[in-house]
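Engineer: Provided herewith is a single structure, encoded as structure tokens, for subsequent inquiry.
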Amino acid sequence: MSNFPSSKSKRVLAALLSIGWQIKRQTGSHKILKREGWPDFSFAFHDSEEIGSRMLTRIAKKTGLKPEDL
């Protein structure tokens, strides 16, 4: 079971930016994020889109996001 509550994409992106990720480039809703010491991460969600807990768990494994960051 995931500890992540489902959240809006805009909130998840704000949390990623607050833990040190930066937008490297953007094409439409596809954002490539970068962070020192991590491989680039592709964030491809519209701002109003709801992201479920299972997808948030997958994002967390690749970005270091924690439930308390949201």
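Engineer: For n ≥ 4 DSSP H runs only, could you compute -39500 (n - 2.57) per run for the chain, divide by its residues and tell me the 222 nm figure to the nearest 500?
Structural biologist: Mean residue ellipticity at 222 nm (helix-derived): -9000 deg cm²/dmol.
Engineer: Treating the beta-carbon of each Lys and Arg as +1 and of each Asp and Glu as -1, no other charges, what is the dipole magnitude of the chain about its Cα centre, to the nearest 20 debye?
Structural biologist: Dipole magnitude for the chain comes out near 160 debye.
Engineer: Using the Karplus equation 6.51 cos²θ - 1.76 cosθ + 1.60 (θ = phi - 60°), what ³J(HN,Hα) coupling, rounded to whole Hz, does each residue of segment 35-51 give in order, writing x for Gly and Pro?
Structural biologist: 7, 4, x, 10, x, 4, 10, 8, 10, 10, 10, 6, 4, 8, 6, 8, 9
Engineer: Can I ask one more? List, largest first, the extents of the alpha carbons of the chain along their principal axes, each in whole Å.
Structural biologist: 32, 27, 17
Engineer: Within segment 5-19, find all residues whose amide N lies under 18 Å from a label point positioned 7 Å from the Cα of residue 46 along Cα-to-beta-carbon.
Structural biologist: 7-13
Engineer: Please report, as a whole percent, how much of the solvent-accessible surface of the chain comes from carbon and sulfur atoms (probe radius 1.4 Å).
Structural biologist: Here carbon and sulfur together make up 50 percent of the probe-accessible area.
Engineer: Right, another one. May I ask you to order 12-21, 33-42 by the average number of other C-beta atoms within 10 Å around their residues, highest value first?
Structural biologist: The most tightly packed comes first, giving 12-21, 33-42.
Engineer: Just the accessible area per residue of the chain, please: how many Å² with a 1.4 Å probe?
Structural biologist: Accessible area per residue, the chain: 66 Å².
Engineer: How about residue 8: which aspartates and glutamates have a C-alpha closer than 19 Å to its C-alpha, ignoring those fewer than 8 places off in the same chain?
Structural biologist: Result set, ordered by chain and number: 47, 49, 50, 68, 69.
The values are calculated or read from the model by the stated rules, or taken from the named source; none is laboratory data. Bear in mind that the values here come from a model prediction, so they are computed numbers and not experimental data. So basically every Cβ, Gly included, is an ideal-geometry build from the backbone, and we count neighbours across all protein chains shown. These area figures cover heavy atoms from the full protein model, side chains too; ligands, DNA and RNA do not enter into them. Shrake-Rupley method; radii C 1.70, N 1.55, O 1.52, S 1.80 Å.
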